[in-house]
Every structure is written in structure tokens, then in C-alpha cells.
Amino acid sequence: MIKIDVPQEAMLCSGHAACPGCIAALSVRHILATMGPDTMAVIPPSCMAIIAGPQPMSSLKIPVYQPTLESSAAAASGLRRALDAQGKRDTQVLVLAGDGGTYDIGFQCLSSAAERNEDFLYICLDNEGYMNTGAQKSSSTPHFARTGSTPAGKTTRKKNLAEIMAAHGVPYVATASASHLKDLIAKVEKAKSIRGTRILTVLIPCLDGWGVPDDMGLTAARYAVESGAFPLFEIEDGTRYTLNVAQKTRPVSDYLALQRRYRGMAAQDVATLQGEIDAAWAKLVARSNEGRHEAIAVG
Ligand SMILES: Cc1ncc(C[n+]2csc(CCOP(=O)(O)OP(=O)(O)O)c2C)c(N)n1
Ligand code: SF4
Ligand SMILES: [Mg+2]
């Protein structure tokens, strides 16, 4: 057993409204503890808005502003400017949004804010679908996954949000998972120390939407990383790649077998998905190696 020291500030209270066993609560507990009390949260409609609770009740011990689904990044930009005008430059603005609110409905707003390099940390709690409204597909839903609106399996691939946001040239883009807690906390700490637009995508297996047993959320998240279906990496200043878990240690079939959304998938489709994951992985490895060679060349 490995004991890790983690910040313990209890800023997500017990009695919150997450589905029992959902690792959204675990992930956010550690994210908030790492961010500390001098933080303001922006939470659009999503599971996280339910978990945070309807105002004036709140499970978070920090101020929460709930904007529309389209406007999180604009709300965060405005909040940042208001804080700056009050001289509160050190107060962190933290967005906690879902993938539907990030990859799709709030995307133009996020892209505009990233182009302006607005100073906030935007965390996408990526459960790969519109989950609090009954599990419809988003553009984050992976290829072949069944959802309420793709009952025969999604015919297109998951949008590559990290690459798209990195192309804006923002200082920090990364992926993380509570299954690799030390890495998640280190990324939040690093993002906190940077000024400008920082974007972190955290994988949240949806127990109901993915068809995962209540006690298997963390295992599903770990298998996603270990199979390369959800690689952990960072992109700094739009160019410097680091692959944080540098080996794939299991086939994607192990990961698929844990979830009802892939049940009955044809062997040929499993092979196609494995091929897509291998190709994306090879690209990440090459980019991460490029950076290492450049660093060695510079000395
Ligand atoms: C413009 C708009 N369309 C639809 C809705 C209804 N709605 C509220 S939450 C939600 C799902 C959001 O999905 P996601 O951002 O992935 O969050 P999750 O529920 O999965 O955590 C939808 C469609 C809305 N509030 N605003
Ligand atoms: S992500 Fe799924 S399991 Fe978690 S709170 Fe939302 S609906 Fe519940
Ligand atoms: Mg979602």
C-alpha cells in the first residue's frame, strides 16, 4: 500500500447530492482542498450543479455562481475582472463544468476566453455525455458508446478537446483522473501557480450512464488510463507535451468489459477502437518525445 499526503481542507461537505459512489465527489473534494478557501467557483447546469445544490443551500464552503450552460467561461472572465478591480488578484476563479457544457454548448465562450488568455482554471468533469438529463451523447462521448441518443452506438469519435484548447496557445492544458490521485493533485497545484487560461479535463465514469457498478467508478477510471482510452498528459504553452503515465498496460477490451454502454459490441468494432487508441497513443508518445529531444538539444 502506498500512503500519499494530500491536502485535507474539507471544502466539499458531506450530505452533497452526488449519486452514491460517484467519483465526481471524490475528485472535486481533492480539487477544492488543493485550490484552498480563497477560491470562487463557477458551476453551470450539470451533475456538479446538483452536487453543489440549489442556492442558497450549498455543499461547497466557497462562493458559487451558477451561470447558464453556454456562458461559464464568460462568467468566469467577468468574475476575474471584478475581483481584480477589488484588488483580489490572488483569489482563484475555478470553473467546474460538464463535458456537454464544455465540448459543445459552452465551447464558443471557452474558445473566446482562451483566445483572450483569461485568468482562470477551467475544469471539465468529463463523464462523456449529458448525464444529469438522462445520458444523451455529447461530442465527448467515445466512438461506439451507447447513450440514450445513440442507442446503436456513437458513430463518430470523441472530440479531442485538449488538442483544440492547446492550439489556442494557452499556458496549461492537461488531463487527469482520481484513479491517479497524486497526479491529479499535482496538476491542480501546478495550474494554480500559473496565470492565464488553464484547462484540466478530469474523467468521471458515470455509474448510471456508463452502466458501471456503484463501487467500480475508480476502477473504470483506472482502466481508462491503463488502456490508453484516456491518457494522462499535459500540454504547456500549446507546444510542450508530457505523457504522465508513459505505458499502456492493458487492452481496451478490459476497459469496455466493465461498462454496460459497450455491451454486445462486435469484435470488429473492438478492434477498430483499439486501432484508434493505438494511433492516438503513438502520436502522443511522438509529441512528448519531440519535447524531450528539444530540451536535451537546448541543454
Ligand atoms: C442551452 C441549454 N440547453 C440545455 C439545457 C438543459 N441541460 C441542463 S444540464 C444539461 C446536461 C449537461 O451535460 P454536461 O455538461 O455534460 O454535464 P453532466 O450533467 O453530464 O454532468 C442539459 C442538456 C440547458 N440548461 N441549457
Ligand atoms: S456523473 Fe453519473 S453517477 Fe455521477 S453524479 Fe452524475 S449521474 Fe450520478
Ligand atoms: Mg457530462
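The values are calculated or read from the model by the stated rules, or taken from the named source; none is laboratory data. Please read all numbers here as calculations on a predicted model, not as lab measurements. Virtual Cβ from ideal backbone geometry, glycine too; neighbours counted across all protein chains shown. Remember, those area values only see protein heavy atoms, side chains included, never the ligands or the DNA or RNA. Shrake-Rupley method; radii C 1.70, N 1.55, O 1.52, S 1.80 Å.
Does Ile194 satisfy the condition of being free of Cβ contacts under 8 Å to residues at least 40 places away in the same chain, closer than 22 Å to Leu110 by Cβ and either among the aliphatic types (A, V, I, L, M) or within 16 Å of ligand 1 (Cβ to nearest atom) (or both)?
Details: free of Cβ contacts under 8 Å to residues at least 40 places away in the same chain: yes; closer than 22 Å to Leu110 by Cβ: yes; either among the aliphatic types (A, V, I, L, M) or within 16 Å of ligand 1 (Cβ to nearest atom) (or both): yes.
So Ile194 fits the description; yes.
So in the range 86-139, with the set limited to residues that are more than 19 Å from Ile164 (Cβ to Cβ) and hydrophobic (A, V, I, L, M, F, W, C), which one is nearest to ligand 1 (Cβ to nearest atom)?
Ranking the qualifying residues of the range 86-139, first place goes to Met131.
Do we have Ser111 as of a type in the set (S, T, N, Q), open to solvent by less than 40 Å² (accessible area, probe 1.4 Å) and within 21 Å of Ala280 (Cα to Cα) here?
Values: of a type in the set (S, T, N, Q): yes; open to solvent by less than 40 Å² (accessible area, probe 1.4 Å): yes; within 21 Å of Ala280 (Cα to Cα): no.
Spelling it out, it is not the case that Ser111 is of a type in the set (S, T, N, Q), open to solvent by less than 40 Å² (accessible area, probe 1.4 Å) and within 21 Å of Ala280 (Cα to Cα).
Is it true that some residue in the range 200-213 is within 20 Å of the chain's Cα centre (by Cα), farther than 19 Å from Lys158 by Cβ and within 16 Å of ligand 3 (Cβ to nearest atom)? Explain how you work it out, then say what you get.
Within the range 200-213, the subset within 20 Å of the chain's Cα centre (by Cα) is 200-212.
Then keep just the ones that are farther than 19 Å from Lys158 by Cβ; that gives 207-208.
Going one step further and asking which of them are within 16 Å of ligand 3 (Cβ to nearest atom), we end up with 207-208.
Checked the range 200-213: at least one residue is within 20 Å of the chain's Cα centre (by Cα), farther than 19 Å from Lys158 by Cβ and within 16 Å of ligand 3 (Cβ to nearest atom).
Examine the range 63-73 for a residue that is open to solvent by less than 10 Å² (accessible area, probe 1.4 Å) and within 16 Å of ligand 3 (Cβ to nearest atom), and state whether such a residue exists. Don't jump to the end; show me each part of the working.
Narrowing the range 63-73 to residues open to solvent by less than 10 Å² (accessible area, probe 1.4 Å): 72-73.
Imposing the further condition that a residue be within 16 Å of ligand 3 (Cβ to nearest atom) reduces the set to 72.
For the range 63-73, residues open to solvent by less than 10 Å² (accessible area, probe 1.4 Å) and within 16 Å of ligand 3 (Cβ to nearest atom): present.
Just the residues that are outside any helix (DSSP H, G or I) and open to solvent by less than 10 Å² (accessible area, probe 1.4 Å), please, taken from the range 176-200. Explain how you work it out, then say what you get.
At the first step, the residues of the range 176-200 found to be outside any helix (DSSP H, G or I) are 176-177, 193-200.
Within the range 176-200, Ala176, Ser177, Gly196, Thr197, Arg198, Ile199, Leu200 meet the criteria.
Only one of Val212, Val202 is more than 26 Å from Gln92 (Cα to Cα) and within 16 Å of ligand 1 (Cβ to nearest atom); which? Break it down into steps so the answer makes sense when it comes.
Details: Val202 fails: more than 26 Å from Gln92 (Cα to Cα).
The match here is Val212.
Give the residue that is nearest to ligand 2 (Cβ to nearest atom), with candidates limited to residues of the range 42-57 that are touching a residue at least 24 places away in the same chain (Cβ under 8 Å) and not in a helix (DSSP H, G or I).
Ser46
Among the residues of the range 13-32, which ones are open to solvent by 30 Å² or more (accessible area, probe 1.4 Å) and in a helix (DSSP H, G or I)?
Within the range 13-32, Leu26, Arg29 meet the criteria.
Would you be able to tell me the number of residues in the range 76-108 that are open to solvent by 30 Å² or more (accessible area, probe 1.4 Å) and either touching a strand residue (DSSP E or B) at 6+ places or on another chain (Cβ under 6 Å) or assigned to a loop (DSSP other than H, G, I, E, B) (or both)? Spell out how you get there, then give the answer.
Step one: list which residues in the range 76-108 are open to solvent by 30 Å² or more (accessible area, probe 1.4 Å), which gives 78-79, 81-82, 84-90, 104-105, 107-108.
Then keep just the ones that are either touching a strand residue (DSSP E or B) at 6+ places or on another chain (Cβ under 6 Å) or assigned to a loop (DSSP other than H, G, I, E, B) (or both); that gives 79, 86-90, 105.
So the answer is 7.
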